[in-house]
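To keep things clear, I will list the structure first and then write my remarks on it.
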Amino acid sequence: MAFPLTLEQKQTALWLGLWFVLILILFLLGPILTPFIAATIFAYVLNPGVDRLAAIRIRKFCMPRSLAVVVVMLFLFAAGLGLILIVVPVLQIEVPLLQDQIPIFLARLDGLLWPKLRELGLNIHLDSVGIKKMLSNQFAVSGDEIWHAVLASVKVGGTAIVGWIAILVLIPVVLFYLLLDWHDILCRLKNAVPRRWVSKTVDMAYEVDVLLAQYLRGQLLVMLILAAYYSIALSIAGFDVALPIGIVTGLLVFVPYVGFGLGLILALIAAVLQFTGFQGLVSVALIYGFGQVLEGFFLTPRLVGERIGLHPLAVIFALLAFAQLFGFVGVLLALPASAILMVVLKHLRRLYLDSSFYKRG
């Protein structure tokens, strides 16, 4: 016998259905949400600075919030421009020198490996002449396929470049309006929560905010330590461009693989240009290998994981799991998302322990 639903149960089912539809729409619109998600993350990080500037009073003058937002955004752009100005001069110096050193490096590599390749029955020279010959033969055999692949790559790459330009233009615009109306947006979200859940929701949001603030402080500490480590280690190894390469590698470590990869490439180029033997390459391998171990198994689990209450094994699992599920973006959001999930699971555990299902003998 079916029991009729009460009015409250019908309303609950209706609103749950609407929330499900909204989440489904957001999931389907995922590809175009990137600038909004990125701007929201920046807004969360920069909002305390905007609040402090807007609260400054000099005699009777109080800085408008719009002006405070502009000042903070200019500071963010200046920091990004500073990183670019650190990297570009190094590339401008290294790339021309690299072009001159590549033939010498290939000749040295050919002299080392060609006798061993000849013993294996491979008459392949790894100098510039031999590589040009191999590339010429390859192009002659598969020229049409390569040409079609290049055209397809240009087409796809051009579309991707347009998409990235649109994202880069949208992020500052969205960030400005989010910072300007941050507290109003939070107030509207709070007012949208059912009244019987407001107190619990606000408490959970406060816990999440505390954990994310601790995460950001821990991540900043990791970046500074790694910037100092790579700069000092490369200086000890005798690299002339140790300071800019170390700073870039350390400060960009919050972007997994990108910061480490860019720093590694710059260090390898510097090693080829500055050292005559393989001493520089071995030094780079040792320094960056130990740096990865230091970051992945000590600094991030200890300085970031412990600050947000995650066990080092949980940090490693979160990074791998989110990378598997969401790719590169998942790696960026793994630890802050884990902090949020930890708060939710803690409250769910408390409800479970207080439930009659658990207590019933």
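Please go through segment 37-72 and give me each residue that is aromatic (Phe, Trp, Tyr) and within 15 Å of Val174 (Cβ to Cβ), ordered by number. Selection gives Phe42, Tyr44.
Against the definition (assigned to a helix (DSSP H, G or I), surrounded by 12 or more Cβ atoms within 10 Å (Cβ to Cβ) and at pLDDT 75 or above), how does Ala323 come out, yes or no? First the steps, then the outcome.
Details: assigned to a helix (DSSP H, G or I): yes; surrounded by 12 or more Cβ atoms within 10 Å (Cβ to Cβ): yes; at pLDDT 75 or above: no.
Answer is no for this residue.
Please find, among Val71, Val90, the residue that is surrounded by 11 or more Cβ atoms within 10 Å (Cβ to Cβ), at pLDDT below 90 and of a type in the set (Val, Ile, Thr). Only one candidate passes the filter, namely Val90.
Only a single item in (1) of a type outside the set (Asp, Glu); (2) farther than 17 Å from Val88 by Cα; (3) surrounded by 19 or more Cβ atoms within 10 Å (Cβ to Cβ) is not met by Val282, and it is number (3). Looking at segment 18-26, can you tell me whether even one residue there is part of a helix (DSSP H, G or I), surrounded by 13 or more Cβ atoms within 10 Å (Cβ to Cβ) and at pLDDT 70 or above? No - not one qualifying residue is present in segment 18-26.
Selection over segment 212-252 of residues that are β-branched (Val, Ile, Thr) and closer than 14 Å to Phe290 by Cβ gives a count of 4. With respect to being of a type in the set (A, V, I, L, M, F, W, C), surrounded by fewer than 20 Cβ atoms within 10 Å (Cβ to Cβ) and assigned to a helix (DSSP H, G or I), Ala213 fits the description.
Taking every residue in segment 59-80 that is more than 12 Å from Leu46 (Cβ to Cβ) and pairing it with any residue that is surrounded by 10 or more Cβ atoms within 10 Å (Cβ to Cβ) and among the β-branched types (Val, Ile, Thr), at least 6 positions away or on another chain, the pairs with Cβ-Cβ distances below 6 Å are Met63/Ile56.
The values are calculated or read from the model by the stated rules, or taken from the named source; none is laboratory data. Nothing here was measured: the structure is a model prediction, and the numbers come from that model. We place every Cβ from the backbone using ideal geometry, glycine too, and count neighbours over all the protein chains shown.
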